[in-house]
């Protein structure tokens, strides 16, 4: 008699017991509640986010100027998946997994300039494009040649000086993905700028809490009342969010530049000549890219999950090329950076850590949303769509 077949049941979706709470987030903004706390502290949810968001969609991972010369490369890891971005001798940029084809060990670390990469474990060698060039002592195996072996390529596209990748072999076409932002974000002429530096900060909270915080205009005059909160000139009730496809958003307001006294530290951006020094535009590309324009500068934030309750912020401050020639640039930039980093580490940072503690509580109950959280509501609902939550 045959043994009975043992059935392996798939793990239940993490939303099964959250349907009532999610239904409240799905309501129109004036009636909706925040997301259930479990979505910010569950390891099962984090794994699903990796599969359905971070390994599925297009992600902005850096600037072309990080690899200006042939042989330049940098390494990074997203949701535990390591990769290399490099520029070859023909100037082409490519991305591929940072995992040796033999045992999966990383073949590169950090950033630099090289002719190729060598696995530190068994000395398999790869060229700058990830092609295998040597595999010592493999002659007696069925692997008779290195021809055709390459570190797994990752989809890559360049847009206005930025590098986007997708781990998905068949992602949404990049032209379709970027079209709403190409149309609406002409203000952000980042291809005419370069970054002063990349600042990396770590915060002990779930990545979504930081993304939501960067969109939220409700908290600005409260938490940031001693910094840039007083610079906001537009009545918050008058701000209108333009909601873009796939969780994107953009809005304009009047707000003074980011400096201690609210006065420009740098010349007005050339393409804004004749406009008010209070020009301010913010925008977001799902899942984790936030763009901010003031009259004299641009800022881009990437928010990366490290663990369920740990997140990295990658902050790029961009200026037109000519600004870097000013003799006082470095002094002014340090003042600018200190102002921005202070707002994160001393003002936003402690608050999002408290938010993480709140969502971890068994007594946490999602509260009513404000009409000022319209973009947050839009992002939350697209997040639920991407995760396959009930509509």
- Message: Test of understanding: what is the full-extension gain from residue 277 to residue 47, defined as 0.36 nm times their sequence separation minus their Cα-Cα distance?
- Response: 78.4 nm
- Item | Inter-label distance, nm, simple model (7 Å from Cα along the C-beta direction), residue 77/residue 199 | 2.5
- Query: For the range 133-218, what D do you get in µm² per second when you plug the Kirkwood radius from alpha-carbon pairs into Stokes-Einstein at 4 °C and 1.567 mPa s?
  - Reply: 72
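Kindly put 166, 141 in sequence by how many other C-beta atoms sit within 10 Å of each C-beta, fewest to most.
Numbers: 166 21, 141 8.
Arranged by neighbour count, lowest to highest, 166, 141 become 141, 166.
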- Starting from the alpha-carbon convex hull of the range 333-375, give the projected area averaged over all orientations, in nm². 4.4
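Once you have a ≥ b ≥ c as the square roots of the Cα gyration tensor eigenvalues for the range 259-336, tell me rounded if a/c is under 1.5, and otherwise prolate or oblate according to whether a/b is larger than b/c. Don't skip to the end; give the middle numbers.
Details: a/c = 2.43, a/b = 1.70, b/c = 1.43.
Cα axes put the range 259-336 in the prolate bin.
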- Query: If you average 1/r over all unlike Cα pairs in the range 179-387 and invert the result, what Kirkwood radius do you get in angstrom?
  - Reply: 17.8
- Using alpha-carbon pairs under 8 Å, 6+ residues apart, how would you state the relative contact order of the range 60-166 in percent? 26
- Message: Looking at the chain as a GNM with Cα springs under 10 Å, which of 130, 104, 349 has the largest mean-square fluctuation?
- Response: 104
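Over the chain, what is the relative contact order in whole percent, taking alpha-carbon pairs under 8 Å and six or more residues apart? Working shown, then result.
Values: 695 pairs, mean separation 78.1, N = 391.
RCO, the chain: 20 percent.
What full-extension length gain, to one decimal in nm, is calculated for residue 150 and residue 346 as 0.36 nm per residue of separation minus the Cα-Cα distance?
66.0 nm
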- Over the chain, equivalent-ellipsoid semi-axes from the Cα gyration tensor in Å: 37, 31, 17
- Message: With bins 5 Å wide starting at 0, give me the P(r) of the range 276-391 over every alpha carbon pair, in whole percents.
- Response: 2, 8, 12, 19, 22, 14, 9, 7, 4, 2, 1, 0
- Query: Taking a quarter of the surface of the Cα convex hull of the range 60-166, what do you get in nm²?
  - Reply: 6.7
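Given the range 235-293, what whole percent of its Cα pairs are spread farther than 20 Å?
I get 36 percent for the Cα pairs in the range 235-293 exceeding 20 Å.
Round to the nearest 0.05 the FRET efficiency obtained for residue 224 and residue 113 when R0 = 51 Å and r is the Cβ-Cβ distance.
0.80
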- Item | For the chain, built as a Gaussian network whose Cα springs stay under 10 Å, the top-fluctuating residue of 65, 273, 191 | 273
- Message: How long are the semi-axes of the equivalent ellipsoid of the range 198-313, defined as square roots of 5 times the Cα gyration tensor eigenvalues? Whole Å, largest first.
- Response: 25, 16, 15
- Query: Between residue 133 and residue 19, what is the label-to-label distance in nm when each label sits 7 Å out along the Cα-to-Cβ direction?
  - Reply: 5.9
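So if each residue of separation counts as 0.36 nm, and I subtract the Cα-Cα distance between residue 362 and residue 385, what length gain in nm does that give?
Details: separation 23, 0.36 × 23 = 8.28 nm, distance 2.54 nm.
The span from residue 362 to residue 385 would gain 5.7 nm if fully extended.
Computed from the coordinates by the stated procedures, all read-outs in this text should not be read as laboratory data. From a predicted model like this one, the values you see are computed outputs, not experimental measurements. Don't worry about glycine lacking a Cβ; one is built from the backbone with ideal geometry, like all the others, and counts go over all protein chains shown.
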